[in-house]
Amino acid sequence: MPDRAAVPLILGAGGRVGRTLRRRLEEEFPGTVSATRAEVDVTDRFRLEYEVERLEPRPTVVINCAGYTDVDGCESDPERAFRVNAEGAEYAARAAAGAGCRIVHLSTDCVFDGRSRTPYREDDAPAPLSVYGRTKLEGERRVAAVAEDHLIVRSSWHFGPAEDDAGENSGRAHFVDAILAAARRGGLLRVVSDQIGSPTYVADLAEALRRLLAIDFRGVVHFANGGACTRYDLAQEALRAAGIRGARLAPIATGEA
């Protein structure tokens, strides 16, 4: 049976994963506390530490879902990417450690270069190619360095409803949202066909995180839904599932994007 006395604190609860995780954990742990960026900004170290310390009862685990996930935005604003994905991750881990609780930090498959022909293992050497991947990897390293009781969960290609059951918007649009919106506007959709990954439904990721809370493990864990496809394949399936017919798709290489 789950420990219903556990008190999870979710940072970044305004994003898609954070919102989904909040709903799932509230079912299991009535004391779950959720904070959006407007409520607690992970880049504000001292405010973050203060907010964690003042909570009563004290959190038993801090789950950091906060991140600057706009890959193109990270390229154009690397300083912001570093503040959120690296420094913010460190501050969240420091706040957790200072409160004597565990830190669960959400990371990404973008810490790898994507050239492997087999699924990446937790002990494979990272080799990020983007600012987003590099800053997320630095965040992982900082979390591990400042909090002994840490769990880093890497996942990939999130998708899920744009709104939850209450009609609340679930954060910034992801790939599937962007494809559906572009198809409805009309015109040719140029979609990368040489990137392969495992699309992960955010509800399944939330359930995996819930289960991981019950496991006394420190280090890195990979979680994604089964199977793999290209971005082009995913776009085709998204259009089919949404019942959008007649959309024109053109496969392109990553260098052409």
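The values are calculated or read from the model by the stated rules, or taken from the named source; none is laboratory data. None of these values were measured; they are calculated from a predicted model. Here the Cβ is made from the backbone with ideal geometry for all residues, glycine too, and neighbour counts use every protein chain on show. Only protein heavy atoms, including side chains, enter the accessible area calculation; ligands, DNA and RNA are left aside. Shrake-Rupley method; radii C 1.70, N 1.55, O 1.52, S 1.80 Å.
The angle between the Cα long axis of helix 202-213 and the longest principal axis of the Cα atoms of the chain comes to about 30 degrees, rounded to the nearest 10. A DSSP coil position with no more than 11 other Cβ atoms inside 10 Å describes the following trypsin sites (Lys or Arg not before Pro) in segment 1-110: 4.
Overall, the anisotropy analysis places segment 1-66 in the oblate class: the square-rooted eigenvalues a ≥ b ≥ c of its C-alpha gyration tensor yield a/c not less than 1.5, with a/b not exceeding b/c.
Looking at segment 98-152, which GluC sites (Glu not before Pro) are in a loop (DSSP not H, G, I, E or B) and have at most 16 other Cβ atoms within 10 Å? Sites meeting the loop and neighbour criteria: 122, 148.
With contacts taken as Cα pairs under 8 Å at a separation of at least 6 residues, the chain carries a relative contact order of 19 percent.
Send over a whole-number figure in Å² for the accessible area per residue of the chain, probe 1.4 Å.
Computed with neighbouring chains in place, this is 51 Å² per residue.
Against the main long axis of the alpha-carbon atoms of the chain, helix 45-54 sits at an angle near 60°.
To the nearest whole percent, what portion of all C-alpha pairs in the chain is separated by more than 25 angstrom?
On the way: 14326 of 32896 pairs.
Counting pairs separated by more than 25 Å, the tail of P(r) holds 44 percent.
Order the following by accessible area, largest value first: 196, 215, 244, 10. Probe radius 1.4 Å; ligands, DNA and RNA are ignored. Don't skip to the end; give the middle numbers.
Values: 196 125, 215 85, 244 35, 10 0 Å².
Final ranking, largest accessible area leading: 196, 215, 244, 10.
Restricting the calculation to Cα atoms, segment 57-125 yields a radius of gyration followed by a Dmax of 14.7, 47 Å. The order of 180, 209 by accessible area, most exposed first and with a 1.4 Å probe, is 180, 209. Counting every C-alpha pair in segment 112-257, the share spaced more than 25 angstrom apart comes to 38%.
What is the percent carbon and sulfur in the accessible area of segment 85-231, measuring with a 1.4 Å probe over the protein chains and ignoring ligands? Write out the running numbers ahead of the final one.
Details: 3480 of 7110 Å².
Reported share for carbon and sulfur atoms: 49 percent.
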